[in-house]
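*Asks:* Let me begin by handing over the structure; questions about it come next.
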Amino acid sequence: MIHKNLWYYIVVIALLGACVPSKKYKSLEAKYNALNDSTSIQIKVLEANNTILRQELDTLKKQRAVLEQKNATLRLGNEKSVAMLNKMMRNYTVLESEHITLLKNSAQEASFKKKMLAQNQEKLVTSSQLLRKYRQQIFKLQNQLTSQKQVLKQNTVPPVHHEDDNPVDLRSRIMAKIPPQDRKYFDIDVDNGKVYIEIVDSVLFEPNQNKLTPEGEALLANLKNILKGYNLAVNDNDENAAENGKQNHRTSQVNRILQSPNGKKRKTELPTSTIDPHKNATSLVPLKGRKKLDKSPKGKTLIVVSEQD
């Protein structure tokens with residue numbers, strides 16, 4: 001509008017410039033200049049206002065972008081919240097269903113346990129009756145066993161006792177009956193009322209084997225013949241038995257001769273010894289001054305002499 005008026009005045013001045021007086025022309029020119037200056041100022045003000053409005057518009061656009069981003073974030077958070085709520089509702093439905101199932105199962109289990117308890121009580125009564133019956137039978141059998149023991153005791157022949165059962169005297173008798181040339185292979189001791197006989201293993205067994213030598217078998221058979229009426233057995237304790245099974249096998253070999261009904265015997269009790277005198281041997285140590293008896297001797301077999309029952 002301002003530009004339009006300005007051009008209008010210019011045209012008028014151009015048309016009247018030639019036909020108006022000079023004084024009038026200057027007046028019109030002064031008005032034109034004043035109007036032009038006013039217009040320029042208004043244009044500058046408008047341009048300044050336009051710049052401010054543009055800045056405000058940019059600020060509003062940025063604020064709008066921030067608001068749109070916040071709105072998107074809120075919308076996303078709302079969607080997540082809705083999804084979580086739906087999931088929680090589904091979980092709640094599942095838990096409610098499981099709770100109902102557990103209540104039903106608990107009722108059924110309680111009914112089953114009650115039934116089983118009744119059955120167990122019946123079994124307990126039956127077991128008590130059987131136990132009472134078995135006790136009566138055991139008592140009856142014990143009476144019968146007592147009667148049989150009394151009859152057996154009356155019919156049992158009393159065991160024959162030796163004239164002198166003193167262990168020290170028995171040791172002396174054994175020493176006296178062993179051939180002198182064989183005594184170096186024996187070691188006889190008394191401990192806690194029992195007689196122990198040690199025999200060198202190198203005489204009894206083949207070298208590095210568990211097999212008895214013929215001389216060892218003859219020597220054991222002669223010892224058995226000397227101690228008729230006594231029990232002879234190898235002292236097989238835990239330490240001996242733990243030696244990789246070796247001692248167990250040797251024990252069985254010696255016991256086979258000592259406990260057999262008809263073991264090997266020498267033709268006479270005092271012949272010339274069949275044992276090689278050059279083998280390792282130990283001399284018979286007197287009873288007095290001996291060290292404490294070693295019941296797990298190394299390289300020797302320990303035989304226990306006891307009375308027959």
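*Asks:* Using a Förster radius of 30 Å, what is the FRET efficiency between residue 117 and residue 93 based on their Cβ-Cβ separation? Nearest 0.05, please.
*Replies:* 0.25
*Asks:* What is the count of Lys pairs in segment 59-149 whose alpha carbons sit under 26 Å apart, if the two are 8 or more places apart or on different chains?
*Replies:* 15
*Asks:* Please give the contour-minus-distance gain from residue 144 to residue 307: 0.36 nm per residue of separation, less the Cα-Cα distance, rounded to one decimal in nm.
*Replies:* Numbers: separation 163, 0.36 × 163 = 58.68 nm, distance 3.06 nm.
Extending this stretch completely gives an extra 55.6 nm.
*Asks:* Using a simple spin-label model with points 7 Å from Cα along the Cα→Cβ vector, what separation in nm is obtained for residue 46 and residue 59?
*Replies:* Rounded to a tenth, the inter-label distance reads 2.4 nm.
*Asks:* Search the structure for amide H atoms under 5 Å from the amide H of residue 300, placed 1.01 Å from N in the peptide plane, and list their residues when 5 or more places away or on another chain.
*Replies:* 201
*Asks:* Assuming R0 = 51 Å, what is the FRET efficiency of residue 30 and residue 67, from their Cβ-Cβ distance, to the nearest 0.05?
*Replies:* 0.40
*Asks:* Quick one: net charge around residue 129, please, counting Lys, Arg +1 and Asp, Glu -1 for every other residue with C-beta under 13 Å from its C-beta. Working shown, then result.
*Replies:* On the way: positive: 123, 132, 133, 135; negative: 122.
Result for the local shell: +3.
*Asks:* As a test of the definition: which semi-axes, in Å, follow for segment 75-218 when you take the square root of five times each eigenvalue of its alpha carbon gyration tensor? Largest first, please.
*Replies:* So the three semi-axes of segment 75-218 are 85, 38, 13 Å.
*Asks:* HN-Hα J couplings of segment 90-98 from phi, Karplus 6.51/-1.76/1.60, θ = phi - 60°, integer Hz, Gly and Pro as x?
*Replies:* Whole-Hz 3J(HN,Hα) from phi for segment 90-98: 5, 4, 4, 5, 5, 5, 5, 5, 5.
*Asks:* May I ask you to derive the FRET efficiency for residue 101 and residue 81 from their Cβ-Cβ distance with R0 = 45 Å, giving the value to the nearest 0.05?
*Replies:* After rounding to 0.05, the efficiency reads 0.90.
Since every read-out is calculated from the coordinates, none of them should be taken as a lab result. Since the structure is predicted, the reported quantities are computational estimates derived from the model, not experimental observations. Note that each Cβ is placed from the backbone with ideal geometry, even for glycine, and that neighbours are counted across all protein chains shown.
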